[in-house]
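Encoded as structure tokens, here's the structure I'll be asking about.
The values are calculated or read from the model by the stated rules, or taken from the named source; none is laboratory data. What you see is a predicted model, and the numbers here were worked out from it, not measured in a lab. Positions of Cβ are backbone-derived with ideal geometry, glycine not excepted, and every protein chain shown enters the neighbour counts.
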Amino acid sequence: MDVDIGNALGTTPGLTTGTLERLDDRVADAHERISHGMDADEFGYASLTLPETADPDAIRMATDRFDRPEAVLTVGIGGSALGAATLSNALESDVDAYVLDNVDPDHVRGLLDDLPLGDTVLNVVSRSGTTAETLANFLVVREAMDRAGVDWTERTLVTTGEAGNLRRLADTHDLPALDVPEGVPGRFSVLSTVGLAVAGLQGHDIEPVLEGGRDGMDALSGSLFESPAYAYGATTYALAERGALTNAFMPYTESLETFAEWFAQLWAESLGKDGVGQTPARALGATDQHSQLQLYRAGPADKLVTLVRPTERADTGIPETDLEGLSYLGGSPLGDVLDAEFAATEASLAAADVPNVRIEVDRVDERALGELLYGMEAACVLYGELASVSTFTQPAVEWGKKAARGLLGGGNFPEADAVDDKRELRVEQS
């Protein structure tokens with residue numbers, strides 16, 4: 001993974017090389033704190049050791065209980081689903097991967113109607129085993145399998161903590177079960193059982209993903225000028241301090257579109273604390289050049305744009321044409337058009353004084369994905385250290401979970417009482 005922060009310098013709001021040099025002393029201190037947390041296996045910091053501590057053999061043992069399926073359906077939410085979806089959507093496989101991470105009845109019903117349930121592995125993921133959305137969807141899927149004459153106990157993989165509803169279920173029915181790693185928040189768990197099981201079920205080699213993560217570990221150092229991950233984390237932090245409170249994350253490949261969703265959760269849930277943080281906005285190049293770029297270039301000067309791309313890809317040629325005004329396209333690789341769009345966006349933003357950062361990987365494969373995912377996690381942790389926020393907690397998320405459980409009758413939570421305090425000012429159609 002390479003990071004180019006040149007277009008973040010001298011912009012509005014922007015940085016100077018001197019700003020970054022002064023910040024580098026704080027990066028060194030933060031790196032020392034992060035390294036200590038990793039060595040001590042502290043909560044949260046243990047996430048950054050997953051490339052070394054994750055056990056691919058355990059994942060293989062669990063997934064090998066299933067013949068190669070036609071499809072994999074992950075039932076989870078947030079970090080219990082997005083990491084797996086990022087890997088499965090980025091890597092090609094003849095095993096289709098689907099995710100139920102919402103409780104929209106129309107979507108759930110439509111997906112289950114289309115799935116070959118008899119040849120689908122159901123992958124249920126919840127650390128606590130009590131997540132309401134996940135358990136509700138699991139019960140719906142289990143019933144659909146029963147109605148279709150499918151023995152759900154022969155088609156289900158569970159990933160959960162040491163105790164809870166799902167652990168008891170797995171023990172009762174002798175389901176293959178993987179352990180959620182201790183000390184790792186869900187949004188940081190992609191390089192573990194939580195994210196890698198689906199890749200294994202799809203036939204991908206897990207070791208290169210972890211090797212890419214280890215490449216990211218090896219690249220960490222006490223200077224932002226020597227570590228791509230820290231360069232990104234420090235630059236985003238410094239820009240946010242100067243008013244760039246929106247981070248538009250824009251991959252230039254369809255295969256990384258879900259990666260932008262994963263990044264948005266990581267960034268928002270980890271850094272949105274105590275009145276600080278940077279709001280992630282998801283975009284896709286070149287599609288959103290024709291819409292969102294208008295705001296990024298000409299709207300309020302409160303944005304950073306992060307451009308992500310692979311430098312190598314398979315390509316498709318554009319046929320020759322005699323259509324007037326289009327002959328310049330004929331005979332060129334389609335990838336050349338995407339590269340031109342990327343360069344044009346980057347230059348357009350720079351010309352408008354909008355800070356932007358370029359992140360590049362050689363190609364979208366297992367190893368590069370492992371390094372990219374690890375790099376963004378390390379960048380996030382560094383940002384949290386510099387901003388003095390509690391990176392690994394999510395009190396606002398937990399508040400909403402308690403309110404929902406209370407409303408559903410899952411316990412007595414005072415947060416649910418706040419629903420009755422809602423202010424109303426209705427405007428109704430006459």
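Take the residues of the range 129-139 that are free of Cβ contacts under 8 Å to residues at least 40 places away in the same chain and surrounded by fewer than 17 Cβ atoms within 10 Å (Cβ to Cβ): which is farthest from the chain's Cα centre (by Cα)?
Leu139
Show me the helices (runs of 4 or more DSSP H) found entirely inside the range 338-430 where at least 3 residues are modelled with pLDDT of 95 or more and assigned by TED's automatic domain parsing to the domain that holds His290.
On the way: elements: 366-387, 395-407, 414-417.
Fully inside the range 338-430 and qualifying: 366-387.
Sticking with this structure for a sec: I'm told Thr279 meets every condition in (1) surrounded by fewer than 20 Cβ atoms within 10 Å (Cβ to Cβ); (2) over 30 Å from Gly299 (Cα atoms); (3) β-branched (Val, Ile, Thr) except one. Can you identify the failing condition by its number?
In the conditions (1) surrounded by fewer than 20 Cβ atoms within 10 Å (Cβ to Cβ); (2) over 30 Å from Gly299 (Cα atoms); (3) β-branched (Val, Ile, Thr), Thr279 misses (2) alone.
Residues are listed down the side, and each one gets a yes or a no for (1) more than 27 Å from the chain's Cα centre (by Cα); (2) loosely packed, with under 15 Cβ neighbours inside 10 Å; (3) in contact (Cβ under 8 Å) with a residue 12 or more places away in the chain:
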position	(1), (2), (3)
Asp2	no, yes, yes
Ala8	no, no, yes
Val27	no, no, yes
His36	no, yes, no
Ala54	no, no, yes
Thr63	no, no, yes
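Also: Exactly one condition in (1) farther than 20 Å from Ala148 by Cβ; (2) over 16 Å from the mean Cα position of the chain (by Cα) is not met by Asp96; state its number.
Just one mismatch for Asp96, condition (1).
Please work out if Asp174 is among the acidic types (Asp, Glu), surrounded by fewer than 20 Cβ atoms within 10 Å (Cβ to Cβ) and not assigned by TED's automatic domain parsing to the domain that holds Ala81. I'd like the intermediate steps shown before the answer.
On the way: among the acidic types (Asp, Glu): yes; surrounded by fewer than 20 Cβ atoms within 10 Å (Cβ to Cβ): yes; not assigned by TED's automatic domain parsing to the domain that holds Ala81: no.
Here the answer is no, as Asp174 does not meet what is asked.
Name the strands (runs of 3 or more DSSP E) wholly within the range 1-115 that hold at least 1 residues that are modelled with pLDDT of 95 or more and closer than 30 Å to Trp152 by Cβ?
On the way: elements: 2-4, 71-75, 96-100.
Fully inside the range 1-115 and qualifying: 71-75, 96-100.
Given the criteria surrounded by fewer than 23 Cβ atoms within 10 Å (Cβ to Cβ), at pLDDT below 95 and assigned to a loop (DSSP other than H, G, I, E, B), does Glu312 qualify? If you could, list the steps in order and put the result at the bottom.
Working: surrounded by fewer than 23 Cβ atoms within 10 Å (Cβ to Cβ): yes; at pLDDT below 95: yes; assigned to a loop (DSSP other than H, G, I, E, B): yes.
In short, yes.
Among residues belonging to the range 344-384 that are charged (D, E, K, R) and more than 22 Å from Glu207 (Cα to Cα), point out the one that is nearest to the chain's Cα centre (by Cα).
That would be Arg358.
On to the next question. Among the residues of the range 151-171, write down those that are surrounded by fewer than 19 Cβ atoms within 10 Å (Cβ to Cβ) and aliphatic (A, V, I, L, M).
Ala163
May I pose another question? Look through the range 75-93, keep the residues that are in contact (Cβ under 8 Å) with a residue 40 or more places away in the chain, out of contact with any strand residue (DSSP E or B) (no Cβ under 8 Å at 6 or more places or on another chain) and over 19 Å from Glu133 (Cα atoms), and return whichever of them is surrounded by the fewest Cβ atoms within 10 Å (Cβ to Cβ).
Going through the qualifying residues, I end up with Ser93.
Looking at Leu239, Leu256, which is the one that is at pLDDT 95 or above, outside any strand (DSSP E or B), within 23 Å of Ala85 (Cα to Cα) and touching a strand residue (DSSP E or B) at 6+ places or on another chain (Cβ under 7 Å)?
Working: Leu239 fails: within 23 Å of Ala85 (Cα to Cα).
That would be Leu256, the only listed residue that is at pLDDT 95 or above, outside any strand (DSSP E or B), within 23 Å of Ala85 (Cα to Cα) and touching a strand residue (DSSP E or B) at 6+ places or on another chain (Cβ under 7 Å).
Continuing with the same structure: Evaluate the range 271-285: report whether one residue or more is in contact with a helix residue (DSSP H, G or I) (Cβ under 7 Å, 6 or more places away or on another chain), in a loop (DSSP other than H, G, I, E, B) and without any contact (Cβ under 8 Å) to a residue 40 or more places away in the chain.
yes
Hey, could you check the range 116-127 for residues that are crowded, with 17+ Cβ neighbours inside 10 Å and not in a strand (DSSP E or B) and say which is nearest to the chain's Cα centre (by Cα)?
Filtering the range 116-127 for residues crowded, with 17+ Cβ neighbours inside 10 Å gives 117, 120-127.
Retained after the next criterion (residues that are not in a strand (DSSP E or B)): 117, 127.
Numbers: Leu117: 27, Arg127: 17 Å.
Out of the qualifying residues, it is Arg127.
Pick from the range 343-375 the residues that are among the hydrophobic types (A, V, I, L, M, F, W, C) and surrounded by fewer than 20 Cβ atoms within 10 Å (Cβ to Cβ): which of them is nearest to Val209 (Cα to Cα)?
Applying the first criterion (among the hydrophobic types (A, V, I, L, M, F, W, C)) to the range 343-375 yields 343-344, 347, 349-352, 354, 357, 359, 361, 364, 368-369, 372-373.
Checking the rest, the ones that are also surrounded by fewer than 20 Cβ atoms within 10 Å (Cβ to Cβ) come to 343-344, 347, 350-352.
Details: Ala343: 29, Ala344: 32, Ala347: 33, Ala350: 34, Ala351: 37, Ala352: 38 Å.
Within the range 343-375, the match that is nearest to Val209 (Cα to Cα) is Ala343.
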